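The block underneath contains the structure these notes are about, expressed in structure tokens.
Please treat every number below as a calculation from the coordinates, not as lab data. Quantities reported herein were computed from a predicted structural model and do not represent experimental measurements. Counting neighbours? That spans all protein chains shown, and the Cβs are built from the backbone with ideal geometry, glycine included.
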Amino acid sequence: MAIYEYQARTQTGETQTGTVEASNEENALQILQRINLVVVSIKSVEATPVYLRQFKFFQRVSSRDLSIFSRQLATLFAAAVPLVESLHTLANQTENPKLQEALLDIVADVDGGMEFDQALAQYPNIFSNFYVQIVKAGEESGTLDKVLNYLARYTEREHGIISKIRGSMIYPIFVLGVFIIVGVAMLVFVIPQLLSVLEQSGAELPLITRVIAVASDFIRNQWYIFVTVVIVGIVGIIRFLKTKTGKEFWSLAQLKIPIFGRIFKNIYLFRFSESFGLLIRGGVPFSQSLTISANVIDNLVYKRIIMDAKEKVSRGISLSQSLKEHPEISAMVTQMIAVGEKTGKLDEILQNVASFYEEEVTNAVDNLVSLIEPMLIVIMGFGVALLVAGVLLPIYTSINTLQ
């Protein structure tokens, strides 16, 4: 990437100067033209060093970026700022290069007459089908301002749950990582010296000491085998999980893992109730809402359940009755949906269900962290005890032998 200094005129004839970052001069011109500037002059002023360049392969738009964008767009649109101007403003102030590039293209497309949802659909890696369909429904019903607020709340809540889970796992992972590093350092630098002293004493080493000696020798001399096995194993697992069989296996395994299985179920029920309720509120047809919600959940077990319910709903069976046949859908959810169907307030009921499961996930994660901490202490204590026993036992045996 390089930085280009430009001088241009706006649509009203005012002179504007500034800088723009692009891969080459042609791309820099295109970026400026997309925001309706007539370029008078442009020149490269600085090349970004290789070690500071941002490679597209590593660039991504996080849930936080999308959450901030949705909320800011909703705020600007509610303040009667035209859509093109709102998008242009957000494109200039976003710190994510990938999102900025996409927004500049979207601004140009919308300004050229393309529907907003169609412009968003060109970037499926940023804006999901769910996001696009909600926007489309808002455009068709003339309630885009309300729909954008719904989307902002949805992305914020989704980001909140993801951040909660990730944040809660940082401490246990950090502690476990430090323990592993210290353990490996002991086996590589400390244990060999102690073992050499013990072996010189001529005493027979206990089983636990011999095991530690073998582990130390392996890590010092055959570490590359361990690293190779780990790398091949990780790559193999990732590739397997991308296959149809792997996705099936992982979807089932998620729901059966002790303790974590319940958290996964609550997350999927939250996603279903939140997304389905939002789609209905946005005016998306019932059948299409079910299809989109099934894809939002990202679990094949729940996807099949929802698609099966969709097929039964098309035959006249109520949604609550269709979901009731599946134990993966809790009785509380089916009962609440039944109430929503009878009262005609299904979207409001689903919003309440989503709030309930959001709270459930938060509490479950907090409880899990409080459970993991003492478990880590026990594991670390056991590991330290093994190392200490492996060193002290032969010393104690040698002292007894001398006596």
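List the longest stretch of the chain that has no exposed loop site; here a site is one of the trypsin sites (Lys or Arg not before Pro) assigned by DSSP to anything other than H, G, I, E or B, with at most 14 other Cβ within 10 Å.
On the way: sites that count: ARG53, ARG60, ARG315, LYS345.
In the chain, the maximal stretch lacking such sites is 61-314.
What is the local net charge at ASN266, summed over the other residues whose Cβ is closer than 11 Å to its Cβ (Lys, Arg +1; Asp, Glu -1)? Walk me through the numbers before you get to the answer.
Working: positive: ARG262, LYS265, ARG271; negative: GLU358, GLU359, GLU360.
Around ASN266, the surrounding residues sum to 0.
Output wanted: per-residue J couplings in Hz (rounded whole) for the stretch 162-168, from phi through Karplus 6.51 cos²θ - 1.76 cosθ + 1.60, θ = phi - 60°, x for Gly and Pro.
Per-residue couplings from phi come out as 4, 5, 4, 5, 5, x, 5 Hz.
Which label marks the calculated value of Cα extents along the principal axes in Å, given the options (i) 99, 66, 34; (ii) 50, 47, 41; (iii) 157, 63, 34?
Answer label, from the structure shown: (i).
Could I have the simple spin-label model distance between SER163 and ARG64, label points 7 Å from Cα toward Cβ, reported in nm to one decimal?
Rounded to a tenth, the inter-label distance reads 0.7 nm.
Could you please state, rounded to a whole Å, how far the C-alpha centre of the stretch 272-290 is from the C-alpha centre of the stretch 225-250?
Distance between centres, Cα-based: 35 Å.
Say we join alpha carbon atoms closer than 10 Å with springs in a Gaussian network model of the chain; which of SER322, SER86, SER196 then has the biggest fluctuation?
SER196
Can you figure out the FRET efficiency of ALA385 with TYR171, using R₀ = 25 Å and their beta-carbon distance, to the nearest 0.05? Before the final figure, lay out each step's value.
Values: r = 23 Å, r/R0 = 0.92.
It comes out at approximately 0.60.
Treating the angle as unsigned and between 0 and 90°, give the value, to the nearest 10°, between the Cα long axis of helix 260-281 and the longest Cα principal axis of the chain.
Long axis of 260-281 versus the principal axis of the chain: about 0 degrees.
Report, in whole Å, the centroid distance computed from the Cα atoms of the stretch 363-396 and the stretch 120-174.
After rounding, the separation between the Cα centres reads 40 Å.
Please identify the GluC sites (Glu not before Pro) of the stretch 221-326 that satisfy two criteria: DSSP loop assignment and at most 15 other Cβ atoms within 10 Å. Which are they?
Working: sites: GLU248, GLU274, GLU311, GLU325; in loops: GLU325.
Filter output for the stretch 221-326: GLU325.
Please give the residues of the stretch 107-131, grouped as numeric ranges, whose backbone N is less than 18 Å from a label point set 7 Å along the Cα-to-Cβ vector of ASN92.
Output list for this probe position: 107-111.
Could you list the GluC sites (Glu not before Pro) in the stretch 95-181 that lie in coil according to DSSP, counting only those with at most 16 other Cβ atoms within 10 Å of their Cβ? It would help to have the intermediate numbers written out before the result.
Working: sites: GLU95, GLU101, GLU115, GLU139, GLU140, GLU156, GLU158; in loops: GLU95, GLU115.
Loop-located and lightly packed - GLU95, GLU115.
Pop out the ³J(HN,Hα) list for the stretch 241-247 in order, Karplus 6.51 cos²θ - 1.76 cosθ + 1.60 with θ = phi - 60°, rounded to Hz; leave Gly and Pro as x.
After applying 6.51 cos²θ - 1.76 cosθ + 1.60, I find 5, 7, 7, 4, 5, x, 5 Hz.
What FRET efficiency comes out for THR343 versus ASN129 if R0 is 30 angstrom and r is the Cβ-Cβ distance? Round to the nearest 0.05. Walk me through the numbers on the way to the answer.
Details: r = 29 Å, r/R0 = 0.98.
Calculated transfer efficiency: 0.55.
Subtracting the Cα-Cα distance from 0.36 nm times the residue separation, let me have the gained length for SER196 to ILE219 in nm, one decimal. Intermediate results must be reported in sequence, preceding the final value.
Details: separation 23, 0.36 × 23 = 8.28 nm, distance 1.65 nm.
Taking SER196 through ILE219 to full extension adds about 6.6 nm, to one decimal.
Each label point is 7 Å from the Cα along the Cα-to-Cβ direction; what then is the distance between the points at ILE238 and VAL81, in nm?
Inter-label distance under the simple model: 3.9 nm.
Considering only C-alpha atoms, what is the centroid distance from the stretch 1-44 to the stretch 304-323, in Å?
Centre-to-centre (Cα) distance: 54 Å.
Spin-label point model (7 Å from Cα, Cβ direction): what's the GLU5 to ASP308 distance in nm?
The modelled label-to-label distance comes out at 6.7 nm.
Which angle from 0 to 90°, rounded to the nearest 10, does the C-alpha axis of helix 331-343 make with the longest principal axis of the chain?
It is inclined by approximately 10 degrees.
Expressed in nm to one decimal, what extension gain is obtained for the pair GLN118 and VAL227 from 0.36 nm per residue of sequence separation less their Cα-Cα distance? Please report the intermediate quantities before stating the final value.
Details: separation 109, 0.36 × 109 = 39.24 nm, distance 4.68 nm.
Extra length available between GLN118 and VAL227 comes to 34.6 nm.
Cβ under 14 Å from ASP65's Cβ, ASP65 left aside: what net charge do those residues give with Lys, Arg +1 and Asp, Glu -1? List each step's numbers first, then the result.
Details: positive: ARG60, ARG64, ARG71, LYS98; negative: GLU95, GLU101, GLU156, GLU158.
Around ASP65, the charge tally is 0.
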